[in-house]
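Scroll down for the structure; my scribbles are underneath it.
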Amino acid sequence: LEIAALRALGSLDIISKPFDPMGLSLLIAEIWKRAHSGAVPEHLVALRRSFAKRLHSAVPELLRLVAAVTTNPDAIAGLHRLAHELAGSGGAVGFPEVSRLAGELEVLAAELRSRAPASADLARLDSLASALASLSISEG
């Protein structure tokens, strides 16, 4: 009954709690696509272009920070900040894979704030950074 009333007021759909924050952008994109037949407003196209440029320019910094994790204590904080930015912005403008990968990187960086990275952590950092770099090339 409440859902019908909300739809009558113009709601496109309902996202019930609890929901997976990492999947939220995909869910919103699906709702948007159903409601707008895949048409993307020009201002969102411009935001996507702007984010693709930001991602491309962030890759060298991301790779530098990953390489410095074992030698520079500030690298983890910088990596966490950059991953957080990319995870949030990527999902908001329709780059769910960037958001997912950067989200994993953010979580790992947060964990590494309180412990030294093991070799498996370093390999995962490299893998995530490489995946984001390759997305930067394909999205740029």
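The values are calculated or read from the model by the stated rules, or taken from the named source; none is laboratory data. Quantities reported herein were computed from a predicted structural model and do not represent experimental measurements. Note: ideal-geometry Cβ built from the backbone for every residue, glycine included; neighbour counts use all protein chains shown. Heavy atoms of the whole protein, side chains included, go into the accessibility calculation; ligands, DNA and RNA do not. Shrake-Rupley method; radii C 1.70, N 1.55, O 1.52, S 1.80 Å.
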Filter the range 112-132 for residues that are free of Cβ contacts under 8 Å to residues at least 24 places away in the same chain and under 18 Å from the mean Cα position of the chain (by Cα) and give the result.
-> ARG124, SER127, SER130
Hey, any hits in the range 75-91 for a residue that's over 18 Å from the mean Cα position of the chain (by Cα) and open to solvent by 80 Å² or more (accessible area, probe 1.4 Å)?
-> no
Is it the case that LEU82 is at pLDDT 90 or above and part of a helix (DSSP H, G or I)?
-> yes
Within the range 54-73, is there a residue that is in contact with a Gly (Cβ under 8 Å, 6 or more places away or on another chain) and farther than 23 Å from GLY94 by Cβ?
-> yes
In the range 15-73, residue modelled with the highest pLDDT [restricted to those that are of a type in the set (Lys, Arg) and in a helix (DSSP H, G or I)] = ARG64
Tell me, please, whether a residue that is surrounded by 14 or more Cβ atoms within 10 Å (Cβ to Cβ) and out of contact with any His (no Cβ under 9 Å at 6 or more places or on another chain) can be found in the range 14-21.
-> no
Looking at ARG64, ARG48, ARG100, which one is under 16 Å from ALA129 (Cβ atoms), basic (Lys, Arg) and touching a residue at least 40 places away in the same chain (Cβ under 8 Å)?
-> ARG100
